[in-house]
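Nothing in this text is a laboratory measurement; each read-out follows from the coordinates by a stated rule. The model shown is predicted, which means the values in this text are computed figures rather than measured ones. Backbone-built Cβ (ideal geometry, glycine too); neighbour counts: all protein chains shown.
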Amino acid sequence: MEKKIFKCPICDKEYSTASSLSNHKKNQHENDDKRKKNTEDNYYHCRYCQNKKYKTRNARWFHEKKCIYIENTNGNDIDEILEENQKLKDDKLKQAQQIIKLQNKIIKATSLDTKTFKAINKVLMNRSNNSHNNMIANSNNNNSNSNNTINNNIQQICNIGNEELVKVLTDEQKKQIMGAKLNALEKIVEIAHCGEYKQFKNIIITNLKNNYAYKYDKAKGYFITIEKNDLLDDIVLHRITDIEAIYDEIKSAKELDNETRHIIQSFFTYYNSDDPYVDENDVEYPNFKSYKQNSIKILIYNNRDKITKDIALLISENNE
């Protein structure tokens with residue numbers, strides 16, 4: 001009787017028993033299949049370029065979001081896209097460099113910014129006292145008397161009432177003030193004392209609860225404490241005078257429309273009246289002037305950090 005041969009259908013090896021063939025296939029060819037699967041079948045190939053493969057479906061999805069766009073464009077578009085991407089990278093790099101440069105400059109020039117107003121004012125007082133002592137020493141050495149004003153550190157700041165806003169403000173800012181109409185007083189204070197003009201940072205309110213505020217005294221070289229209501233009286237008085245001058249200037253130039261002119265005239269009427277005034281929230285004030293003083297007080301208080309920062313900048317600029 002002829003002996004039966006069991007032949008492997010994959011590699012043609014022969015075995016005398018079925019169990020031997022089964023062990024061969026299990027030990028040899030099943031492991032080959034696993035290795036092949038691990039090297040190829042387990043990867044997720046890009047469905048657009050076919051050149052990229054990823055171990056996870058999620059990784060392939062992120063790639064395909066970009067690949068599908070490039071695949072659907074022509075070669076010229078690809079070059080343009082790559083060029084544009086490079087330009088964006090270069091622009092971002094330039095912006096980052098400019099930001100870093102600016103930040104370094106600010107850090108260097110505004111080392112006092114993080115201090116409170118009182119701390120900064122103390123610096124001004126100390127420097128003013130040192131300047132005063134130096135002036136006396138020099139005067140004694142020269143055997144002469146001097147009545148010169150103390151050479152303070154930030155003479156750029158002027159006293160309240162000496163701002164000459166009509167000469168300093170731009171035509172556009174003057175139109176903004178007139179355009180604010182009944183809020184012209186708040187607008188001129190915002191532009192002058194809370195805006196870009198560091199030389200007008202001569203008032204500050206650090207607390208709404210107490211009765212005190214601060215104004216700059218050019219002769220002393222630092223901020224002095226003053227009754228809050230007195231300070232508000234000064235501010236309103238001088239800024240109303242500026243508003244009147246700006247109104248006359250723009251009206252003479254015939255750049256004021258009839259509605260604005262009528263409302264500004266009403267503004268002056270309200271200001272000179274002692275009648276009670278009720279605001280838009282039905283809060284009653286003794287008169288329109290007291291209502292505006294309260295608005296100015298809140299405006300200056302809300303800008304206390306900016307005012308403090310600008311004062312610190314002036315000190316730092318003086319040091320340089």
Check your understanding: Rounded, prolate or oblate: which one fits the range 211-310, using the alpha carbon gyration tensor with axes a ≥ b ≥ c (rounded when a/c is under 1.5, else prolate when a/b beats b/c, else oblate)?
Key -> oblate
Point to revise | Per-residue HN-Hα couplings for the range 248-254 [Karplus 6.51, -1.76, 1.60; θ = phi - 60°; Hz; x = Gly/Pro] | key: 5, 5, 6, 5, 5, 7, 6
Review point. Ranking His238, His45 by Cβ neighbours within 10 Å, fewest first, what do you get?
Key: His45, His238
Check your understanding: What is the magnitude of the charge dipole of the range 117-319 about its Cα centre, with +1 placed on the Cβ of each Lys and Arg, -1 on the Cβ of each Asp and Glu, and no other charges, expressed in debye to the nearest 20?
Key -> 980 debye
Study note, to complete from the structure: The exposure ranking of Thr260, Thr170, fewest beta-carbon neighbours within 10 Å first, is Thr170, Thr260
Check your understanding: Arranged from highest to lowest average of other beta-carbon atoms within 10 Å per residue, in what order do the peptides 161-168, 304-311 appear?
Key -> 304-311, 161-168
**Study point:** Alpha-carbon centroids, the range 244-264 and the range 189-232: separation in whole Å
**Key:** 29 Å
Practice item. Report the GluC sites (Glu not before Pro) located in the range 239-281 that are in a DSSP loop and have at most 13 other Cβ atoms inside 10 Å of their Cβ, or state none. Key: Glu255, Glu280
